[in-house]
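In what follows, a structure is listed as structure tokens, so that the remarks can point back to it.
The values are calculated or read from the model by the stated rules, or taken from the named source; none is laboratory data. Nothing here was measured: the structure is a model prediction, and the numbers come from that model. All Cβ positions, glycine included, derive from the backbone under ideal geometry; neighbour counts span all protein chains shown.
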Amino acid sequence: MIVSLHIATGAAGGALVRSPVAAAALGPVLHFFGDRMPHEDIDSRRFEVQCGVVGLLTLAVVRGPFDAATVGALTAAAPDLEHILPLPRPGGRKLFPSHRIPGWHRPGGISANAQLLIAGVLFGAVLASGLRR
């Protein structure tokens, strides 16, 4: 699953549970199961990182940095940091469980464009609900 959709599902989950603590716990769970969905990845890591940073900053400005939606988005996206940062890999394995289970990531399924559309709809709904508060 692309980072934008991880952020959007984390934000939506956080907005639904309305507790930053619950959102912090829910984010990695949403990431884990999002990785299981067959999907295409975006070829541009730069595009994904830029979308992720802009998305998180926008949530922090609109809803607040400690709002449940912002916390959920951050913790749902955080596992993918190991793809771009030189984090330790004990035994040569990645840290996050869905990144190291053989066969967990499955190709095909939802296209990158469809994931971006879904992410945009979810993200827009979460931002709009933050503006109404």
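Things to note:
- Residue within the range 41-57 that is over 13 Å from the mean Cα position of the chain (by Cα) and within 20 Å of GLY130 (Cα to Cα) present: yes
- Matching residues, the range 1-50, being of a type in the set (Val, Ile, Thr) and either in contact (Cβ under 8 Å) with a residue 60 or more places away in the chain or surrounded by 14 or more Cβ atoms within 10 Å (Cβ to Cβ) (or both): ILE2, VAL3, ILE7, THR9, VAL17, ILE42, VAL49
- Checklist (1) modelled with pLDDT of 90 or more; (2) closer than 19 Å to VAL126 by Cα; (3) surrounded by 15 or more Cβ atoms within 10 Å (Cβ to Cβ) applied to ASP80, failing item: (2)
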